[in-house]
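> Questions regarding the structure given below will be posed in turn.
The values are calculated or read from the model by the stated rules, or taken from the named source; none is laboratory data. Model, not experiment: these values are computed from the prediction. Cβ placement follows ideal geometry from the backbone for every residue including glycine, while neighbour counts extend to all protein chains displayed.
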Amino acid sequence: MSEEKIFDENVSEETMLKEHLAKVQENIRIACQKAGREPSEVTLIAVSKTKPVSMLETVYRTGVREFGENKVQELVDKYEALPEDIHWHMIGHLQRNKVKYIVDKACLIHSVDSLRLAEEISRVALLKQVRARVLVEVNIAGEESKFGMTTEETVSLVSTIAALPGIHVEGLMTIAPFVEDPEENRMYFRKMKELSVDISHKNIDNVCMDILSMGMTGDYMVAIEEGATMVRVGTGIFGERQYAVTV
Ligand SMILES: *Cc1c(COP(=O)(O)O)cnc(C)c1O
């Protein structure tokens, strides 16, 4: 391939990423306006899983500092390759034996789905002398294929975690069902908001419910209308993901 060709491809990738980002940011503004909210209340997390460091650099240069990864190894590799002022969000299922690799690298762990995981995060946070900020993952639609707590379990898990040292619950996260029409998820987002308000009214020590992480490429506008404070957008920014086919 000639150098000129490579150059052209880089330019078009940069243009594509900038256009995608502008579109997502515009949609966030529209959804906020519809709901009478300020765009500053919503944090966009660029979900960069499977994407090369070069693409993250381009998105970084446009001003994005919040990136989401769902695998520990990938988060650690990208953390080491990219600037220090990036906030890394761990959004994928986290195994207890991998907690030690990311507790001091992730600014927020979105996917706490068991007491045993929370206990390990607490233990490692104390060892490394950091305070781990976490969200409790709720399986709001009760899907069998998904991780996360039921609404009832969530209340008691939040109270139990609150008593652990080195870890701070800052809100809730959910991965809504995969649907064609985002309106189908509106009731789940609404339930998440209700649950978050219910828990915050309990005034549990060492718990705040400021963060509601919900909404992905297919449904972030509806999620924002229903109260999301963090949206996790991958495909809408970086384009479709290609997963390696394993035989
Ligand atoms: C991949 C992923 C996303 C982003 O999904 P898109 O549909 O590509 O926007 C959001 N949240 C979690 C937990 C993910 O794993």
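> Within the group 81, 46, 35, which residue is farther than 26 Å from residue 12 by Cα and either at pLDDT below 95 or small (Gly, Ala, Ser) (or both)?
35
> Check 223, 228 and return the single one that is within 14 Å of the ligand (Cβ to nearest atom) and either of a type in the set (S, T, N, Q) or part of a helix (DSSP H, G or I) (or both).
223
> Just the residues that are surrounded by fewer than 19 Cβ atoms within 10 Å (Cβ to Cβ) and among the basic types (Lys, Arg), please, taken from the range 218-237.
Across the range 218-237, there are no qualifying residues.
> Which one of these does residue 145 not meet: (1) exposed (fewer than 13 other Cβ atoms within 10 Å of the Cβ); (2) under 17 Å from residue 200 (Cβ atoms); (3) not basic (Lys, Arg)?
Against the list (1) exposed (fewer than 13 other Cβ atoms within 10 Å of the Cβ); (2) under 17 Å from residue 200 (Cβ atoms); (3) not basic (Lys, Arg), residue 145 comes up short only on (2).
> Got at least one residue in the range 194-202 being without any contact (Cβ under 8 Å) to a residue 24 or more places away in the chain, out of contact with any helix residue (DSSP H, G or I) (no Cβ under 9 Å at 6 or more places or on another chain) and among the small types (Gly, Ala, Ser)?
yes
> If a residue must be more than 12 Å from residue 131 (Cα to Cα), surrounded by 23 or more Cβ atoms within 10 Å (Cβ to Cβ) and not polar (S, T, N, Q), how many such residues does the range 160-174 contain?
Adding up the residues that qualify gives 4.
> I'm told residue 75 meets every condition in (1) within 16 Å of the ligand (Cβ to nearest atom); (2) among the aliphatic types (A, V, I, L, M); (3) modelled with pLDDT under 95 except one. Can you identify the failing condition by its number?
Unmet for residue 75, out of (1) within 16 Å of the ligand (Cβ to nearest atom); (2) among the aliphatic types (A, V, I, L, M); (3) modelled with pLDDT under 95: (3).
> If only one of 167, 199 is more than 12 Å from the ligand (Cβ to nearest atom), within 20 Å of the chain's Cα centre (by Cα) and at pLDDT 95 or above, which one is it?
Answer to the check: 167.
> Then there's this: Quick check on my filter: what residues within the range 111-163 are under 19 Å from residue 92 (Cβ atoms), touching a Lys or Arg at 6+ places or on another chain (Cβ under 8 Å) and either of a type in the set (Ser, Thr, Tyr) or within 16 Å of the ligand (Cβ to nearest atom) (or both)?
If the condition is that a residue be under 19 Å from residue 92 (Cβ atoms), touching a Lys or Arg at 6+ places or on another chain (Cβ under 8 Å) and either of a type in the set (Ser, Thr, Tyr) or within 16 Å of the ligand (Cβ to nearest atom) (or both), then 117, 139, 140 are the ones that fit.
> Follow-up question, since we're still on this one. Look at residue 97 and say whether it is away from the ligand (no atom under 16 Å from the Cβ), at pLDDT 95 or above and among the polar types (S, T, N, Q). I'd like the intermediate steps shown before the answer.
On the way: away from the ligand (no atom under 16 Å from the Cβ): yes; at pLDDT 95 or above: yes; among the polar types (S, T, N, Q): yes.
When the stated conditions are applied, residue 97 passes them.
> Residue under question is residue 90, and the condition is that it be free of Cβ contacts under 8 Å to residues at least 24 places away in the same chain, under 28 Å from residue 223 (Cα atoms) and not hydroxyl-bearing (Ser, Thr, Tyr); does it hold?
yes
> What are the residue pairs meeting all of these: first residue in the range 134-146, first residue without any contact (Cβ under 8 Å) to a residue 60 or more places away in the chain and of a type in the set (S, T, N, Q), second residue crowded, with 17+ Cβ neighbours inside 10 Å and outside any loop (DSSP other than H, G, I, E, B), Cβ atoms under 7 Å, and 6 or more apart or on different chains?
139/149
> Pick from the range 204-217 the residues that are buried (at least 20 other Cβ atoms within 10 Å of the Cβ) and within 16 Å of the ligand (Cβ to nearest atom): which of them is farthest from residue 164 (Cα to Cα)?
Among them, the one singled out is 216.
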